[in-house]
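Take a look at the structure set out below.
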Amino acid sequence: MYEFEKSRNVSKTNIRIGGASGYWGDSAMATPQLLKSGDLAGDLAGDLDYLVYDYLAEVTMSIMARARAQDPKMGYARDFISVVLKQNLGEIARQNVKVISNAGGVNPTACGEAARALIAEQGLDLKVAVVLGDDLIDQKDSVTAKEMFSGEAFPDPENLVSINAYLGAFPIAKALAEGADIVITGRSVDSAVTLGACIHEFGWGPNDVDYLSGGTLAGHLLECGPQATGGNFTDWHLAVETIDTIGYPICEVHPDGSFDITKPPGTGGIVNVGTVSAQMIYEIGDPQAYIVPDVVCDFSGVAINQVSSDRVNVSGAKGYPATDSYKVSATFSDGWRAGSYMTFYGVDARRKGQAFAEATFKRARTVLRASNLGDFTDTSIEILGADSQFGSHGRADDTREVVVKYAAWHPDKAGIGILLKEAAGMGLSSPPGLSGFFGTRAKPSPVVRLFSFLIPKDDLGIEIDFGDRRTSFDAGTDATTGPADMKRPEIPSAPSSGDEMVTVPLIELAWGRSGDKGNNANVGIIARKAEYMPYIWAALNEDAVADRFSHFLEGGVERFYLPGPNAINFFLHNVLGGGGVASLRNDALAKGYAQILLDHPIPISKQIAEDLT
């Protein structure tokens, strides 16, 4: 295990880290915006210390793996080199800002070589370190693990696209300690790019679990870019006039793991208790056992307070020793899928769209039988604009404009091709009102599924490549395997039974944010005021949420209470139709699920209802 020089930076009071990318494809405006803020005095009181970039998701890894299969020099986030570094390296070097990114994808070595070539081309003196060891694709024939959630057997090795372990932050810290100016990783946990900087600067060790949990939370808030500064926010109207210039988040982290989150002066968006709380709950399961490679985090008691305009303080994260395993995500091909959208308008638009989609599948199945190709594995029809996402809780019965989305799985690429051809052929025989933005036809694409399992940390060989030399990193741990002494918080007390009650939609009482975890989803609900929580808790039990999502849900619902931020996290099992590019759903990533729940009626006292107006 890496030994730390704890006296190295004890005098450092804080570090400033800018979150410059939330996914592969994020806006190029983030890096110059944050570098410009680093050159300003005032609220931020000086330059940035780090820029961090998160590019990866399970779907991204499979895309990169296919690119590497076609060209051994590909398989990483190319725009990190061609846009971020090429356009900003000079200013990064001038301000002495260090860069940490998981842009390496499935080919971090090639990404590192491209970065070094660009540095040489621009005549700069910057050292690049590449963290290696997460890619296990060469071991695909020897893996026998069971899926960690479903217990399914390991996929056929011939169908595997990628296998990558989620590495942690300590290898990044070691690379920084050995002089790296730019650290590139393959598959690391999203928050590790931030936590690695904190470990290096403050000398945190594996036993500083509360500090590590705080640094992980800082990274969790930065990892989705402007979703912490007004993007995807329930009260979108507060930021809508300025989202074209929305500010990317900056965390000012302190040695005790607490931090302030803000954004560059003069930028759009908003940073308040709601935006930060919503991002904290985004895409987590049990908030008292949020597991990353370096620590098991407990966010249930976190305090989130407004310090000043566009500045929020976050403190109170707790931690437990890290587990002895890494999570590994494999992606594998499992047939083909395709779908498309078209619109209908006029009287009975909903019925017209439904009839068109059903007739399309009937015609396609006739051709499939004639071709001996077998039926579709699954199909999906969603009438958007007619409350299809709300299931039995929908209210749109007489809409005159709809979008029809149809999609299917089939084991054979030719089967999907038949669906697309017959759908186009239905155009002249459809009900009236068919329209759309025509000119291209959808194409079959591989169904890529996710398979997650655990691997002992001792089984991985992690190295750090500096170009002219390599150093090893011992990933082993003697830590326990989780929060054995964890205690659940007391649930909110029941509302007074003597109050006169009225009903309001949840959105008047709470903020919400939702996201995906493979084929599962989470919906976080944060009370706008602490006094609202007893009413929300009483109305939103597991059964109520299961009923709300019954048209999607194939598993159960778990409910977790977070007394610190006055929040509830709901975890919905098997709700995304496979999730990611394996799903046929319009919302395969649960990004709008909070909007469904925020419409739920909540009985509250008449007095509180009057205070809402």
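We did not get these values from a lab; they are worked out from the coordinates using the rules stated. Just so it is clear, the structure is predicted and the values come from calculations on it, not from any experiment. Reconstructed Cβ throughout: ideal geometry from the backbone, glycine too, with neighbour counts over all protein chains shown.
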Low-density loop trypsin sites (Lys or Arg not before Pro), region 523-613, at most 16 other Cβ within 10 Å, DSSP non-H/G/I/E/B, are LYS529, LYS591
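As a quick test, which of the pairs LYS405/LYS517; LYS487/LYS606; LYS457/LYS517 have an alpha carbon distance above 28 angstrom in this structure? Present the calculation step by step, with values, prior to reporting the outcome.
On the way: LYS405/LYS517 24 Å; LYS487/LYS606 35 Å; LYS457/LYS517 22 Å.
Over 28 Å Cα-Cα: LYS487/LYS606.
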Cα centroid separation, region 256-312 to region 169-196 (Å): 21
Residues of region 309-345 with backbone nitrogen within less than 12 Å of a virtual label 7 Å along the Cα-to-Cβ line of MET148, please, listed as ranges. 323-330
Spin-label zone in region 217-231 - amide nitrogen under 16 Å from a point set 7 Å from the Cα of MET29 along the C-beta vector: 225-231
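Longer than 19 Å from Cα to Cα, which of LYS73/LYS174; LYS413/LYS443; LYS98/LYS127 are they? Say none if no pair is.
Values: LYS73/LYS174 26 Å; LYS413/LYS443 10 Å; LYS98/LYS127 10 Å.
Pairs exceeding 19 Å: LYS73/LYS174.
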Here region 518-527 yields Karplus 3J(HN,Hα) values (6.51, -1.76, 1.60; θ = phi - 60°; whole Hz; Gly and Pro given as x) of x, 8, 9, 9, 10, 10, x, 10, 10, 5
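Percent relative contact order of region 196-354, based on C-alpha pairs within less than 8 angstrom and at least six residues apart?
Across region 196-354, relative contact order equals 23 percent.
When the helix-only estimate is applied to the chain (DSSP H runs of n ≥ 4, each -39,500 (n - 2.57), divided by the residue count), what is the mean residue ellipticity at 222 nm, nearest 500 deg cm²/dmol? Let's see the in-between values first.
Values: 14 runs with 149 residues, N = 613.
Value at 222 nm, helices only, nearest 500: -7500 deg cm²/dmol.
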For region 347-428, which trypsin sites (Lys or Arg not before Pro) pass both filters: DSSP loop (anything but H, G, I, E, B) and at most 11 other C-beta atoms within 10 Å? ARG395
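Subtract the Cα-Cα distance of PHE438 and SER472 from 0.36 nm times their separation in residues, and report this length gain in nm to one decimal. Write down the numbers at each step before the final one.
Details: separation 34, 0.36 × 34 = 12.24 nm, distance 5.47 nm.
Roughly 6.8 nm would be gained on extension.
For region 377-478, which GluC sites (Glu not before Pro) pass both filters: DSSP loop (anything but H, G, I, E, B) and at most 12 other C-beta atoms within 10 Å? Mind dumping the intermediate values first?
Numbers: sites: GLU382, GLU401, GLU422, GLU463; in loops: none.
Qualifying residues, ordered by number: none.
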Among ILE284, VAL312, GLY346, the residue whose Cα sits farthest towards the positive end of the charge dipole of region 266-378 (+1 at Cβ of Lys and Arg, -1 at Cβ of Asp and Glu, taken about the Cα centre) is GLY346
Residues whose placed amide H lies under 5 Å from that of SER325, excluding near-sequence neighbours: LYS457
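Tell me, in nm to one decimal, what length is gained between VAL240 and ALA57 on full extension, where the rule is 0.36 nm per residue of separation less the Cα-Cα distance?
Details: separation 183, 0.36 × 183 = 65.88 nm, distance 2.74 nm.
Here the answer is 63.1 nm.
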If you plug each phi of region 430-447 into the Karplus form 6.51 cos²θ - 1.76 cosθ + 1.60 with θ = phi - 60°, what whole-Hz ³J(HN,Hα) values come out, in order, with x for Gly and Pro? 7, x, x, x, 5, 7, x, 8, 8, x, 9, 10, 4, 10, x, 9, x, 7
Once you keep just the Cα pairs under 8 angstrom separated by 6 or more residues, what percentage relative contact order results for the chain? 14
Full-stretch length increase - ASP348, ALA424 - with 0.36 nm per residue and alpha-carbon distance subtracted: 25.2 nm
